[in-house]
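This report concerns only the one structure given below.
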Amino acid sequence: MPVPVNLLANTTMPIALHSSEQLYAMEKAWFADGYDSFGLMKQAAWQMAQYIAVLYEQKSLKKCASDKIEFCHRPTYQHRVSIWVGKGNNGGDGWLIAYYLQQMGWQVEVIAVGFDSHEFEIANTTQCLNKESALSDAEKALQIALSANCSYQCFENSNYNDNNNNSEKLHKHQQADVYVDALFGIGLDRAPAGIHKQAICAFNAATQYDSALTIAVDIPSGLVASTGQVFDHIAVQADITLCLIARKFGLHTKDGMDYSGEVIDIPLIPYQVGNTAFKPAAKLLRTAHHLSPRRQNSYKGSYGHVLIIGGNRIDGSQGMGGAAILSASSAMATGTGKITVACHEAFHGALLTSLPDAMTMNLHDTDGVKNLIKEASVVAIGMGLGRDEKEKAVFITYIEAAIAAGKPIIIDADGLYHLAALQLDEHQLITQLKEHSAQHQVCFTPHSGEAAKLLNKKISEVEADRLAAINQCTENYGGDWVLKGAGSLILEQDEAEHHVYVCGVGNAGMASAGMGDVLSGVIVGLLAQQDLNEDARSLHQAVLLHGLAGDFLVKQTERLNMTNHNRSLLVGQRGLQAQDMPAAIRHVMQLLNE
Ligand SMILES: NC(=O)C1=CN([C@@H]2O[C@H](COP(=O)(O)OP(=O)(O)OC[C@H]3O[C@@H](n4cnc5c(N)ncnc54)[C@H](OP(=O)(O)O)[C@@H]3O)[C@@H](O)[C@H]2O)[C@@H](O)CC1
Ligand SMILES: Nc1ncnc2c1ncn2[C@@H]1O[C@H](COP(=O)(O)OP(=O)(O)O)[C@@H](O)[C@H]1O
Ligand SMILES: [K+]
C-alpha cells in the first residue's frame, strides 16, 4: 500500500488557517466548477482509510521497539476499528471509512449516534437505493457501508455507564485497536448535549480503557473549527487529526491544541486562484526570521535606547519592581544598545544588582522622564506601573509625551488597565493614540482579561472568539496587537491590510507570573534595533522568540533527561520561571544568527 505523503508535516512555512465559513465557501466554489460533492467525500474517506492503516502500523512498530520485542508480521491478526458516526457529512466520512477499511481486511464496527433505527430500515430498501440521487451525501455513504454489510449498532448511553464507580466500563461494543471520531466536523456550532455529549464522553472513556489509537476526522468532535472553543471540556481527545481540505483556525488556538494531537493535512482540492475563501483568516507561525549580523563599525547607539516605565511601589507597601526588571533584562538579552528603567526608587538597588547594564530614573521625576522619552528610540509602559489614580495620571502624562515626541510605544499590563478606564471616560488620549498609530508603531499586549476590559466584554466573550476580539481591539484603538495565551494571536497592520498570525510555539510552562513582562521586553528590545530588517523587528518575531525561548528551556531538559546528565539544573514546564527567560532569549537570538 502506498504511504500517503503529508505535504505540510514539519514545514517551516507559515500555514494558512481558515474558519468553517471559509471551508464551506471553498467547497461551494469547487462544486460550482462542476466537481461532485459525493466524489469528494469518497476521495476524503479513501485517503483517510489509508492513513489510518499506516498510522496504526507505525504505532505498533513504535510500541514493539519500546517494548524491546521484535515486530513480527501477524498475517492472521485482523485489525479492529471502532468508528463513531454522527448524522452530518462528518459522519458520512465515517461510514465510507468503515467501508474502505473493511475492504482492506479490517474488522469494522460503526457506532451510530443520534440515528433512529427506522433510518437503517429505509436505507436497506431497494426503493431507496434506486432513488440514490435524492439522498444526501451522508445518506449515500451510509447506504454504501450497509450494502457492504459493515457491522453497526446505535449508541445508547446505558451501554457505556460507569459500573459501580469502578473504572471498568460496560462495553457492549467490540474493543478496538483504533477508534475513529466522525461525530461532528466543521458543522458543530454549539455545546454538544444529550446523546451527543454522552457519546463524546463514552468515546473518550473507551479509547482510554483500550489504550487505542484515536483518530479524529477533520477536527475532534466538540471543538469549534472557527474559534478553538470547547464547551465544558466536552470534546474528543484525539492522538491524530486528519484535517480535510484546509487547516482550521480552531486547531491552533485556545483549547484546540489540547484536543487535536498531531495534525495531518489532507488537502483534497487545489488552491483556487481568485477564490477569496482561500485568503486565510490567520497564518500559523512556528519559525522566526533570520537575524543579520551586526556591522563591525557600529556602537551602542546603533542599536537603540529602550525606555521602560513601570516597576512601582504603591502606598509604600505593594511592590512590583520585578515586572520592570524582567522586561529590562529581556530587552537587554535581545541585544538592544542601551536601557533606562524609570521605576520607583525603592527598586533601583535591586535592578542594578540583577542588571548593572541598565540606567535608572525615578518614575515620579516627571521632567526627567519626559526628557528621557525624547531621547529614547522606543518607550514601553505599564509593567508593574500600579492602578491607582496617581498612576493613571502618570500614564497619561508619559503617553502624551511619547506621542508628542513621535516615539514607538508598547503598552502592557497596568497601562492597558488605565487605557480601558480612559475609553470609558471617552478621554481624548484614546483618539490621540489611534492617530499616532497611523504613523508610528504602537503595540498593545493584553491577555484575555485585559482585552475584555478594553472591549467592555466578559472574559468568556473574548475567549469564545479570540479572532473577533483582536480585530475589534484594532478597530477601537488602532495599532498592532498581541492577544496572549496558548496560541497567542498577533495582529499587525500595514497600509493595505491586517495580517493575523497564530503563534505555534511556546508551552504551558510559560503560564507563570512575569512571562508577560518578559514578552514586552522582547518586543521593545527588537523594535529598538533599527539595523534589523522590518520582519526581524516585528511584533510576530518578538512573540515567536519569546515562545521559542520557553520551548528551548523545556526541550533542553528533555534532551538532558535522555542523556542522563546531571539533573540538578533541569528546567521543565512546572517551575519554569520568567527569570529563566533572558538567558534562553540570548541563546535563541544566537541560533537565529547562524
Ligand atoms: N461537503 C463535502 O462534500 C465534504 C464534507 N466533508 C466533511 O463534512 C464535514 C462537515 O459536514 P456538515 O456540514 O454536515 O457538518 P457536521 O460537522 O457533520 O455536523 C452535522 C450537523 O450537526 C448539527 N450540530 C451542530 N452542532 C451540534 C451539536 N452540538 N449537537 C447536535 N447537533 C449539532 C448541525 O446541524 P443542525 O442541527 O444545526 O441542523 C450540523 O450541520 C466536514 O467536517 C468534513 O468531515 C468531507 O467529506 C469533504 C467533502
Ligand atoms: N499555555 C501557554 N502556551 C503558550 N504560551 C503561554 C501559555 N501560557 C502563557 N503563555 C505566554 O506567557 C505570557 C504570559 O503573559 P501574562 O499573562 O501577561 O503574564 P504576566 O502578567 O504574569 O506577566 C504570554 O506571552 C502568553 O502568551
Ligand atoms: K470529528
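Within straight-line reach of residue 140, meaning a Cα separation under 23 Å, sit the following lysines at least 8 residues removed in sequence or on another chain: 28, 42, 87, 131. With a simple spin-label model that places each label point 7 Å from the Cα along the Cα-to-Cβ direction, the separation between residue 352 and residue 279 comes to 5.5 nm. Cross-link reach is defined here as a Cα-Cα straight distance under 29 Å, omitting same-chain residues fewer than 8 places apart; for residue 370 the lysines meeting it are 300, 338, 390, 392, 407, 434, 453.
Stretch residue 345-residue 205 to full length: gain in nm at 0.36 nm per residue minus the Cα-Cα span? Numbers along the way, then the final one.
Working: separation 140, 0.36 × 140 = 50.40 nm, distance 5.72 nm.
Result: 44.7 nm gained on full extension.
Can you sort 303, 209 so the residue with the fewest Cβ neighbours within 10 Å comes first?
Values: 303 21, 209 13.
With the fewest neighbours first, 303, 209 line up as 209, 303.
I want the local charge near residue 259. Using Cβ-Cβ distances under 11 Å, sum +1 for each Lys or Arg and -1 for each Asp or Glu among the other residues.
On the way: positive: 254; negative: 181, 239, 255, 258.
Surrounding charge for residue 259 is -3.
Taking 60 Å as R0, compute the FRET efficiency from the Cβ-Cβ separation of residue 513 and residue 77 and round it to 0.05. Numbers along the way, then the final one.
On the way: r = 52 Å, r/R0 = 0.87.
The computed FRET efficiency comes out at 0.70.
Here the label points at residue 272 and residue 151, each 7 Å from Cα along the C-beta direction, are separated by 4.1 nm in the simple model.
So for the range 207-345, considering every pair of alpha-carbon atoms, how many percent are separated by more than 19 Å?
The proportion of pairs with Cα distances above 19 Å equals 70 percent.
Relative contact order of the range 437-594: 19 percent, from C-alpha pairs under 8 Å at least 6 residues apart in sequence.
Scalar couplings 3J(HN,Hα) for the range 347-359, obtained by applying the Karplus form with A = 6.51, B = -1.76, C = 1.60 to θ = phi - 60°, are 9, 4, x, 4, 4, 5, 5, 8, 9, x, 5, 7, 9 Hz; x denotes Gly and Pro. Mind running the shape call on the range 235-281? Use the C-alpha gyration tensor, a ≥ b ≥ c as the square roots of the eigenvalues: rounded below 1.5 for a/c, prolate if a/b tops b/c, oblate otherwise. Oblate is the answer for the range 235-281, as a/c is 1.5 or above yet b/c matches or exceeds a/b. Candidates 452, 376, 290 compared by Cα position along the dipole of the chain: farthest toward the positive end lies 290, with charges placed on Cβ. Take each peptide in 500-508, 186-194, 429-437, count the other Cβ atoms within 10 Å of every residue, and average; sorted highest first, the result is 500-508, 429-437, 186-194. Expressed in Å, the radius of gyration and Dmax of the Cα atoms of the chain are 27.6, 89.
Report note on the peptides 87-95, 533-541: ranked by the mean count of other C-beta atoms within 10 Å, highest first, their order is 87-95, 533-541. For residue 378, the residues whose amide H sits under 5 Å from its own are 305, 307, ignoring neighbours fewer than 5 places away on the same chain, with H placed 1.01 Å from N. Residue exposure proxy: 210, 315, 517, ordered by other Cβ atoms within 10 angstrom of their Cβ from fewest to most, comes out as 315, 210, 517. Cβ-Cβ distance of residue 573 and residue 387, R₀ of 35 Å, FRET efficiency by 1/(1 + (r/R0)^6): the value works out to about 0.70.
Assuming a viscosity of 1.306 mPa s and a temperature of 10 °C, what translational diffusion coefficient in µm² per second does Stokes-Einstein assign to the range 300-593, Rh being the Kirkwood radius over Cα pairs?
On the way: Rh = 19.0 Å.
My calculation gives 83 µm²/s for D.
Fully extending the segment from residue 459 to residue 296 would add 53.8 nm, taking 0.36 nm per residue of separation and subtracting the current Cα-Cα distance.
Sum -39500 (n - 2.57) across every DSSP H segment of at least 4 residues in the chain, then divide by the residue count to get the 222 nm mean residue ellipticity, nearest 500. Intermediate results must be reported in sequence, preceding the final value.
Working: 20 runs with 251 residues, N = 594.
Counting only the DSSP helices, I get -13500 deg cm²/dmol.
Which order results if 495, 426 are arranged by neighbouring Cβ count within 10 Å, fewest first? Walk me through the intermediate numbers first.
Numbers: 495 5, 426 8.
Least to most surrounded, the residues fall as 495, 426.
Scoring 229-237, 442-450 by mean Cβ neighbours within 10 Å over their residues and listing the highest first yields 442-450, 229-237.
A short reminder: the numbers here are calculations on the coordinates, not readings from a lab. None of the values given here were measured: they were computed from a predicted structure. All Cβ positions, even for glycine, are placed from backbone atoms using ideal geometry, and neighbour counts span all protein chains on display.
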